[in-house]
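A.B. asks: Quick one: the structure is below, and I'll ask about it shortly.
Just so you know, all these numbers are worked out from the coordinates, no wet-lab data involved. Quick caveat: nothing in here was measured; it's all calculated off a predicted structure. For neighbour counting, all protein chains shown are included, and Cβ atoms are generated from backbone atoms with ideal geometry for every residue, glycine included.
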Amino acid sequence: MELYFKDKIFSSGVSDIMNNGGEVVGKIDLKSTFTSSLEVFDNDGQIVCMGKFRMLLNKWVISDGRDGELGVLRRRMSFLTKKYEYDAGRRGVFEITSPAFSKEYSIQGSHGEFIASFARINSWLQTGAFRLINESKDLESYELVAIVMGVHEIQKRDQHN
């Protein structure tokens with residue numbers, strides 16, 4: 001599945017999630033500039049997952065619509081690549097990597113298999129806009145949207161520190 005979505009100016013407000021045909025298939029509600037949290041809604045308006053930083057840590061926690069934890073995203077130290085890890089509990093640990101100056105990321109499963117990819121597709125004057133391609137059986141597309149936005153939020157937080 002291929003999806004498109006974006007951040008908002010000042011990181012708050014609602015934005016659409018669209019498929020490659022331009023149809024709205026969900027929404028992202030960026031809760032506030034100060035709290036860096038979000039809710040992801042499906043096409044029926046139901047909360048599918050949420051993302052937020054764990055208190056005082058640089059870990060992005062993703063939970064389902066009932067606040068049950070789905071996984072934890074964190075940055076990994078690396079010299080020549082951007083590297084993140086998403087621990088989805090019994091579903092496995094997923095590695096997210098990108099070459100140092102690239103805007104394209106790849107997500108691999110525990111055994112190195114391709115799961116998904118995403119890319120930042122906007123110019124430097126715009127807010128973050130992304131294209132996600134999901135080929136996973138283990139991670140739902142809406143959860144991957146929360147993961148992509150978590151990577152984006154971690155990067156924004158790192159730039160301000």
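A.B. asks: Can you quote the Å³ per residue value for the convex hull of the Cα atoms in the range 23-106, rounded to an integer?
C.D. replies: Spread over its residues, the Cα hull of the range 23-106 gives 143 Å³ apiece.
A.B. asks: Just want the answer: with Cβ charges of +1 for Lys and Arg and -1 for Asp and Glu, which residue in L139, F118, V151 is farthest toward the dipole's positive end in the range 2-160?
C.D. replies: V151
A.B. asks: If you place +1 on the Cβ of every Lys and Arg, -1 on the Cβ of every Asp and Glu, and leave all else neutral, what size is the dipole of the chain about its Cα centre, to the nearest 20 Debye?
C.D. replies: Dipole about the Cα centre, nearest 20: 740 debye.
A.B. asks: Checking the cross-link filter: which lysines have an alpha carbon closer than 18 Å to that of K59, excluding same-chain neighbours under 8 positions apart?
C.D. replies: Straight-distance partners of K59: K31, K82, K83, K156.
A.B. asks: Listing M50, M18 from the residue with the fewest other Cβ atoms within 10 Å to the one with the most, what is the order?
C.D. replies: Fewest-to-most Cβ neighbours within 10 Å comes out as M18, M50.
A.B. asks: In nm, to one decimal, how far is the modelled label at Q108 from the one at R66, with both set 7 Å along Cα→Cβ?
C.D. replies: 3.5
A.B. asks: Can you spot the aspartates and glutamates whose alpha carbon is less than 17 Å from K52's alpha carbon? Ignore those fewer than 8 places along the same chain.
C.D. replies: D7, D29, E39, D64, D67, E69, E85, D87, E143, E153, D158
A.B. asks: In addition: Please rank L30, L80, L73, fewest neighbouring Cβ atoms within 10 Å first, as an exposure proxy.
C.D. replies: Lowest count first: L80, L30, L73.
A.B. asks: What ranking of F79, F94 emerges when the number of other C-beta atoms within 10 Å of each C-beta is taken as an exposure proxy, fewest first?
C.D. replies: By the 10 Å Cβ count, ascending, the order reads F79, F94.
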